[in-house]
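Here's the structure, in structure tokens; my notes come after.
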Amino acid sequence: MTATTAVPVGTSNDEGVEQSADRTDWVAAIPFFGVHLAPLAAFFVSVTWQDWLLCGVLYVTRMFFITAGYHRYFSHRSYRMGRVAQFVMAFGGTTAVQKGPLWWASHHRLHHRYTDLDEDVHSPRDGIWWSHVGWILSTKFKSTDLTTIKDFSKFPELRFIERHSWIGPWMVAVTCFLIGGWGGLLIGFFLSTVLLWHGTFLVNSAAHLFGRRRYATPDTSRNSLVIAIITGGEGWHNNHHYLPASVRQGFTWWEFDPTWYALKGLAAIRVVRDLKDPPARLLTQARVVDGAFDIGMFRSHWERAAKVTGAPITDVRAQPTAAGDVDYQSEHRTDVATTASPTDEPLSDLSGLMCRALACADQLADATRRNPQNATVTTTDPGPELTAQ
Ligand SMILES: [Zn+2]
Ligand SMILES: [Zn+2]
């Protein structure tokens, strides 16, 4: 049995972008909203401080399985571990009730490959509701494109976990009930699950809307201390989009990143190994403060302006060409062939002009995506216009 057929989670087209309609699946959404309502029933049962402690412990531990496991390991392979530890990390991730590791990681890889483009699964350019929750409830992203996650879908135990991702949540829920009765179930399990969901979702929505940008990435990612505190270090999202294969997301001592601290601890006792640190020389490149052109925000603003004109938006991308540092930064990204040229656009009116400029911005953004040095300015001999900033 091949990896492709082992997990009955659907198919996609050759480019790894699902094409089905993006309607909200309201029937499947009933359990989602039901989980949100469940904690309210705690008003009618006795709740102890142990139930609140259970809620906190389950929030922190399950968030770690998502950030260290689903995200930094299964999505980005930013460190390594043995097969048993990998199994534990995958199973632990399922307890967060965010589907299986293959579904989660494959969609996240698509987010990095197509950030803020039409193929992005949860870009806030399609609305904050869509990026936060809408995409999860839609019919469009129910299946898993195993071609984007071949490196892990080859493991039969991971495919088993993927097929039976309900086992983990049920085990945790039953355990909570046995420990704390209804209070343990409603506060310990359901409330922590709701908080966990929205903490995770904030990275997809708010971390592309609110915060500062250190690096001139071709997307709208931001750095946010608040989101980093909520998510165990995932709030340094601009850092992460700049160097997605880095196990660290906080690049400075003050950028709070407890997931990285925990992984360092696990590396010390040899549960995990080969943690990928960001190359020091890349940390000082492509910084907006040094004068790098912020193509990501330029493109975002210009795209919005172009939409106001009512003109069709053309995404222009080119074949990847670079290696070395580029591979490090875009390890899981593959670009598609050029679909149009800015010179193909008619320049007959304002909307045509806007589209032409946006196409050029797309090309520049894509060049930055493939080669971070496109956004780099020299830091060895900065001119007066750079030192003044
Ligand atoms: Zn992102
Ligand atoms: Zn990521």
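The values are calculated or read from the model by the stated rules, or taken from the named source; none is laboratory data. Keep in mind that what you see is a predicted model, and the values were worked out from it rather than measured. Here the Cβ positions follow ideal geometry from the backbone for every residue, glycine too, while neighbour counts run over all protein chains shown.
Scanning the stretch 214-267 for residues being farther than 21 Å from residue 89 by Cα and of a type in the set (Val, Ile, Thr) gives a total of 6. If you go through the stretch 222-245 and keep only what is within 13 Å of ligand 2 (Cβ to nearest atom), surrounded by fewer than 24 Cβ atoms within 10 Å (Cβ to Cβ) and of a type in the set (Ser, Thr, Tyr), you end up with nothing. Where helices (runs of 4 or more DSSP H) fall wholly inside the stretch 12-114, the ranges with 1 or more residues that are crowded, with 21+ Cβ neighbours inside 10 Å are 49-64, 83-94, 101-113. Here the condition is being away from ligand 2 (no atom under 16 Å from the Cβ) and either of a type in the set (Lys, Arg) or farther than 18 Å from residue 165 by Cβ (or both); of 82, 100, 34, 92, it holds for 82 alone. Residue check: is residue 136 closer than 23 Å to residue 207 by Cβ, of a type in the set (A, V, I, L, M) and more than 16 Å from ligand 2 (Cβ to nearest atom)? In short, yes. Highlighted here are the helices (runs of 4 or more DSSP H) found entirely within the stretch 161-271 that include at least 3 residues which are farther than 30 Å from residue 33 by Cβ and modelled with pLDDT of 95 or more: 237-242, 258-268. Here 124, 156 are screened, and the one residue that is more than 30 Å from residue 274 (Cβ to Cβ) and not basic (Lys, Arg) is 124. Considering only residues that are closer than 26 Å to residue 305 by Cα and in contact (Cβ under 8 Å) with a residue 12 or more places away in the chain, which ones fall in the stretch 130-156? Passing the criteria: 131, 132, 133, 134, 135.
Scanning the stretch 210-238 for residues that are away from ligand 1 (no atom under 11 Å from the Cβ) and over 21 Å from residue 59 (Cα atoms) yields a count of 9. When the stretch 72-114 is filtered for residues that are in contact with a Leu (Cβ under 6 Å, 6 or more places away or on another chain) and hydrophobic (A, V, I, L, M, F, W, C), the ones remaining, listed by number, are 90, 96. Of the residues examined, residue 284 is one that is more than 16 Å from ligand 1 (Cβ to nearest atom), closer than 19 Å to residue 221 by Cβ, outside the structural domain of residue 85 (by TED's automatic domain parsing) and among the hydroxyl-bearing types (Ser, Thr, Tyr). Is the stretch 196-203 home to any residue that is surrounded by fewer than 22 Cβ atoms within 10 Å (Cβ to Cβ), more than 13 Å from the chain's Cα centre (by Cα) and within 13 Å of ligand 1 (Cβ to nearest atom)? Within the stretch 196-203, not a single residue is surrounded by fewer than 22 Cβ atoms within 10 Å (Cβ to Cβ), more than 13 Å from the chain's Cα centre (by Cα) and within 13 Å of ligand 1 (Cβ to nearest atom). For the stretch 108-128, filtered to residues that are free of Cβ contacts under 8 Å to residues at least 40 places away in the same chain and out of contact with any Ser or Thr (no Cβ under 8 Å at 6 or more places or on another chain), the residue that is nearest to ligand 1 (Cβ to nearest atom) is 120.
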